[in-house]
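What follows is a single structure, written as structure tokens, with notes after it.
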Amino acid sequence: MNLVIIVGPSAVGKRTVGLELAKLTNYTLVHNHQPKDFVIDVNGVFDVELLREVRKTVVKYYAENQVRGLILSFRYNYMSSGSMFHLRDLIEIVTEADSQSSVYIVELVSPLETRLDRNNSEDRHELNYVKTDEEMIDSESAGIYSYDEIESHFDIIKDVLNVDNMYVMRIDNSNMKAVDVAELIHKKIYDTEK
């Protein structure tokens, strides 16, 4: 199974790119808001540990049933070791089910100003995924996203896991359409499967 994990800050386009990639690859998409909404609906409040268990259960199900591919998208807290361990757990589930599995970590980046504009899109309003500008700015100023360190951070995960078929992509999608970003990712998947 191929596992594609799309990470990045709020309103960077994770779900939108995931939708386009799912069309190109015929992979199943589980975007950030689905398990999060499930946890809130069932639990009454958000619980990060329950969210992580839901994600692991979904990945395990797809890995064990030999589905061709799964796309996950979620916010990744670069300052939290819990996020790194969670990512490791997801990757291990897939690679233990099939050592030939490939894992693609795609980090989307865009400046805060671009994401503030995207945050107010009609699509996000329809889905009720809009955050206040203050919420987005607060997460930036709290140091949740440290873009300068991210490539080495994911390379560390790759080295620690010793996964042969793990690929890391960092895409600045500030001036790109979601379909164009999805095509870049699809090309990487296609090229590595040759």
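The values are calculated or read from the model by the stated rules, or taken from the named source; none is laboratory data. Here the structure is a predicted model, which means the values were calculated and not measured. Heavy atoms of the whole protein, side chains included, go into the accessibility calculation; ligands, DNA and RNA do not. Shrake-Rupley method; radii C 1.70, N 1.55, O 1.52, S 1.80 Å.
Taking H placed 1.01 Å from N in the peptide plane, check which residues at least 5 places from Ile6 or on another chain put their amide H under 5 Å from its amide H.
Hits under the 5 Å cutoff: Leu72, Ser73, Phe74, Val106.
Given a 1.4 Å probe, how much area per residue of the range 14-134 is accessible, in Å²?
Result: 52 Å² per residue.
Of all the accessible heavy-atom surface of the range 1-96, with the other protein chains kept in place and a 1.4 Å probe, what percent is carbon and sulfur?
Answer for the range 1-96 is 50 percent, counting heavy atoms of protein chains only.
Could you list, in their original order, any pairs among Lys36/Lys56; Lys14/Lys187; Lys36/Lys188 whose Cα atoms are separated by more than 21 Å?
In this structure, Lys36/Lys188 exceed 21 Å between Cα atoms.
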